Each structure stands twice: as C-alpha cells, then as structure tokens.
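Just below is one structure, and these are the notes that go with it.
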Amino acid sequence: MGDRMTTAAAYAWLDQRWTVNLSTLFTELPLVERPAAAAAAGFDSAEIWWTLDGPTPPRTVLDELRAAFTDAGVRLTGLNFDAGDMAAGSKGLLSRPADSQRFRDNIAVAVSLADSLGCRALNALYGNRVEGLELKVQDDLALENLVLAARAAHSIGATLLVEALNEPEAPQYALLSSQSAVAVVDTVNAATGLGNAAFLCDLYHLARNGEDLPKVIDRYADRIGHVQIADAPGRNQPGTGTLDFGDLFGRLDTAGYQGLIGLEYKPAAGTASADTLGWLPRELRGSARAH
C-alpha cells in the first residue's frame, strides 16, 4: 500500500482538507513550537488535545499558546476539553463523579480559547467506567455535563464532538463502538434542542474495534462532525497498515462529508514527525477546501 500512496494516481484521494494533530505529531517540540513546525511543513490548520496544566491554566499560558498559533498563521480547528492525565490512563472526566467538577471548570476556559483562535469544534472524551458505581449514575452525569458543554459550544457557533475509543487500548472507556457514541450524540441533541452535537468518526479507533468502516460511514454520515485518521493496527501514518483510505475517503465524499480530516497518527518509534509526511505531497497539505 505504501507504494500506491506515492503515485500520481493517488492524488485524487489525497486532495482532502487536512488538519494536523499537534498532540500526536511534532511532539519532539514543546507545544508552543509545534504550530510553527506545522506551518513549516506546509499545514495551515491544526488540532490539539488539552495538555495544558490543569483545567484552568494561568492566563499567561493561554496567551502564549494563542500567540503560537497566530504568529505561525495556523488556524486551530479542533480542541479537546480537559480529559485528565491521559498519559496515566485517563480517558475523560465528564462521566466520573470525582472528576466532574474539573470538567465543568474547564468548559468556559476551553470555549474561550477555541473562540479566540476561530476554532469551531470541541471534543469531549466521555471517561473510563467507575467500578462499583451504577452505570446509570455515570451516564446521567455524563449527559448533564455534555449538555453544559454543548450549550457553551453553541454560544460560539461550535460543534460538540463525541467519539468512541478502541477496546484493546482503552478497555474501561464507556463508548467502544460507533453505535454507542452516536447514541450519546442523539441524546445530547434531544436534550438541548440545539443540534450541535456530532460524532467524531475516528477511523483508527473504529478499525481497532473491528467495525465495518464503510458501513459506519454510510449509516452515520449525517451525524459525522469530524474525521480523524491513523493506519491500523499501529496508529502510524497512512500506508503503514491495512486501511484502504482511498476507498474510505471516497465513501465520505459520496456521503457528503465536507469537513476536515485530522491527522491523529503517531510517528513510529525513533522517527521524526516530518519524516512521516512523505505520503502527503506538500502542495496538498493545506485546508483550502475547508468550510
């Protein structure tokens, strides 16, 4: 598959609307240096996880991050709400009673940061299950917090994203299928009446869960608010695994998806981020087709 990716015939599917995830790529640099690195590599759009210091970091930290994006001429297109210490295994806060207030404290801060950089997509990771606590208690709390987040996102014209993760890597996470994530999206939209919750269709996570990706796209096309990619099973760049991205992107186009494709893959061990971008011609790395 790697050879096919570099041929001129492959450019038809490479001509997408790309945004680079600065929490998985260019991580050899401090966060505030990554927007400039992305720009130097030819990208004009980027997304990030919440890796700042806690839910309410100092204004100076937020201002430095804003300046890093604006000075580089890179638009922030996606931002995660605080999901806790992900390096330690946290996968979100909003369904967990002990962590709920931390999530709520972060809502206004994250929305303000997103708004200041023109970002109109905020991702809320649901959280790992709490052993011994009734599922309904966790899910009711999650709905309360997602409604708060959806309303805050709506105040700046943004979409609230909900995603499924994969069971091999996140076995305690609450949403381990496209069906479960979309059900939450529908519940939030019904509760708010705003219609701004949407499914984050992460093709890597769904593939690791063994889902039929073409069927997921066809079934949930009207709920997809964002797409992220990495090849499976290694979570590295396209061409290193088994996914047929040409077919998948063609299906997304046919289904009417006009949003961005987030490059949320990780360089193989010992490989610099820039060295993993050869599959994507530099002249196609911008997001000019994005809405």
Could you grab me the full set of residues in segment 67-78 that are small (Gly, Ala, Ser) and assigned to a helix (DSSP H, G or I)?
ALA67, ALA68, ALA72
Consider segment 261-279. How many of its residues are outside any strand (DSSP E or B), small (Gly, Ala, Ser) and crowded, with 18+ Cβ neighbours inside 10 Å?
1
Leading residue by the ranking (nearest to PRO30 (Cα to Cα)) among those in segment 51-99 that are hydroxyl-bearing (Ser, Thr, Tyr) and touching a strand residue (DSSP E or B) at 6+ places or on another chain (Cβ under 9 Å):
THR51
Does LEU260 fit the bill of being touching a His at 6+ places or on another chain (Cβ under 9 Å), within 25 Å of CYS119 (Cβ to Cβ) and among the hydrophobic types (A, V, I, L, M, F, W, C)?
yes
Tell me yes or no: at least one residue of segment 50-66 is modelled with pLDDT of 95 or more, surrounded by 15 or more Cβ atoms within 10 Å (Cβ to Cβ), within 18 Å of the chain's Cα centre (by Cα) and not in a loop (DSSP other than H, G, I, E, B).
no
Tell me yes or no: at least one residue of segment 173-180 is at pLDDT 95 or above, in a helix (DSSP H, G or I) and touching a helix residue (DSSP H, G or I) at 6+ places or on another chain (Cβ under 8 Å).
yes
A careful count of residues in segment 205-218 that are in contact (Cβ under 8 Å) with a residue 24 or more places away in the chain and assigned to a helix (DSSP H, G or I) gives 9
Considering each of ALA221, ALA207, ALA232 in turn, give the residue that is of a type in the set (Gly, Ala, Ser) and farther than 23 Å from SER273 by Cβ.
ALA221
Looking at segment 85-119, which of its residues are surrounded by 23 or more Cβ atoms within 10 Å (Cβ to Cβ) and not in a helix (DSSP H, G or I)?
GLY92, LEU93, LEU94, SER95, ARG96, CYS119
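The values are calculated or read from the model by the stated rules, or taken from the named source; none is laboratory data. Note that the coordinates shown come from a computational prediction; the quantities given were computed from them, not determined experimentally. Cβ: placed from backbone, ideal geometry, glycine included. Neighbour counts: every protein chain shown.
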